Amino acid sequence: MSPTAALWIAGTLLVVSVAAGVVFRLLDGRRRGGGHLRFDPQHATTALGERVTLVQFSTEMCTRCPQVRRMLSALAADHDGLAHVEVDLTHRADLAARYRVLQTPTTFVVDRSGAVRARFNGVPHRHALSEAIAAV
Amino acid sequence: MTTPAGIDPRGPRFAATITSVLLLIATFLGLIGISTAQAGSFGWFAYQPLSDAAFTPTNWAIQTASVAQRALDPAFLVTVVIALLFLWSVLSPATAPWGAMFRRAVRPRLAPPAELEDPRPPRFAQGVGLVVVTVGILLHLFGVPWALPIATAAAFVAAFLNAAFGLCLGCQLYLLLQRAGIVGRPARAS
């Protein structure tokens, strides 16, 4: 292959990578519907909230889980009736399948009956998360 | 769950920046090298079109090259160096060269990090990178055309997304591999 053609391919690779990163940024952390999923309280190690529970799915190999953990626990500390619960999927592929989690961090907004009212894949947008909590 | 001491999250991204540059160079060299060359277009390569032209319409230079010729391809040599750097980061992340360079030359010039990061995810991602480039290296040695530039291009995308967007593809892969039963221990009874 000629160096010119190789440069074109390498340049295209760079452009495609930038596009993939932009798409990832656009899709990440948006509010989505929870479908008909229900969160089973026995999968939580700590108590659920009286009004709303933020269920965060994490693994040990998750770079962005700590920042979401800080964000959600700060929210829970500021609001009455709001609890933050973390579910570690590192050894629980069964839970990942049951709750249809394909990436960590994933956050569920769960109401007092256990229904998943909204879900956020990635780092939740602050405003969208506040709206989802207020809508419960 | 015991968590190891945290690291500055900018360290792995600094390393990913250098790695992505190296991988882009390796991809370029792979594209102009023996991996994608048609037989006959390579100067040092003796080609006899009459013998097997009827059987294979496309003849790749790498298929008829010797293993030594495949291993002396510049892209191959660069990729081997990248693979060794990945291996170093997996075996001993604390002494890996880009991390050491970051701590010695870059970090003193920056403000202290806002938060520390778990060192396990980047280490796992380095392992994923090692697997990807090793597959390319082995297929190249076995004479598979395009294997090397495709492997380095795939690793480049992952390293670039980490460097430029803070997205760790290798880490994201963990949950998918775990769900497929490839990594992680089986579920405990709840």
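The values are calculated or read from the model by the stated rules, or taken from the named source; none is laboratory data. On a predicted model such as this, the values are computed, not experimentally measured, just so you know. Cβ placement follows ideal geometry from the backbone for every residue including glycine, while neighbour counts extend to all protein chains displayed. Just so you know, the surface numbers come from the protein's heavy atoms only, side chains and all, with ligands and any DNA or RNA stripped out. Shrake-Rupley method; radii C 1.70, N 1.55, O 1.52, S 1.80 Å.
Observations, loosely collected:
- Counting, for every residue in A:82-94, the Cβ atoms of other protein chains within 10 Å of its Cβ and taking the mean gives 3.
- Ordering of A:122-133, B:103-114, B:153-164 by packing is B:153-164, A:122-133, B:103-114, highest average first (other Cβ atoms within 10 Å, averaged per residue).
- Rel. contact order, % - alpha carbon contacts under 8 angstrom, at least six apart, the stretch A:1-128: 35
- Peptides A:1-14, A:46-59 ordered by packing proxy, namely the average of other Cβ atoms within 10 Å per residue, highest first: A:46-59, A:1-14.
- Drop in accessible area of at least 40 Å² in the complex versus isolated chain, residues of the stretch B:117-136, 1.4 Å probe: B:R120, B:P121
- Debye equation applied to the C-alpha atoms of the stretch A:31-116, log10 I(q)/I(0) at 0.12, 0.19 Å⁻¹: -0.31, -0.82
- Between A:H91 and B:S66, the distance separating the two model label sites (each 7 Å from Cα on the Cα→Cβ line) works out to 5.4 nm.
- Shielding by partners - mean other protein chain Cβ count within 10 Å, residues of A:2-14: 5
- Per residue value of the accessible surface for the stretch A:1-128 (all protein chains in place, 1.4 Å probe), Å²: 50
- Ordering of A:17-25, B:135-143 by packing [mean C-beta count within 10 Å, highest first]: B:135-143, A:17-25
- Take the accessible area of chain B alone and of chain A alone, subtract that of the pair, and you get about 3400 Å² summed over both chains, using a 1.4 Å probe.
- A crude spin-label estimate for the pair B:A111 and A:A135, with each label 7 Å from Cα along the Cβ direction, gives 3.5 nm.
- Judged by the ratio a/c of the largest to the smallest principal axis of the C-alpha gyration tensor, the stretch B:124-171 counts as oblate, that ratio being 1.5 or greater while a/b is no larger than b/c.
- Around B:L167: net Lys/Arg minus Asp/Glu count, Cβ-Cβ under 10 Å: +1
- Pairwise centroid distance, computed over Cα atoms, of the stretch A:16-51 with the stretch B:144-183, Å: 22
- Applying a length cut-off of 24 Å (Cα extent along the axis) and a mean Kyte-Doolittle floor of -1.0 to the DSSP H helices of chain A leaves A:3-27.
- Between the C-alpha center of the stretch A:109-134 and that of the stretch B:65-90 there is a gap of 47 Å.
- Per principal axis, descending, Cα span of the protein assembly as shown in whole Å: 80, 50, 36
- Förster radius 45 Å - calculated FRET efficiency between A:S2 and A:D80 (Cβ-Cβ, nearest 0.05): 0.10
- Cα shape, the stretch B:58-190, gyration tensor, a/c 1.5 rule: oblate
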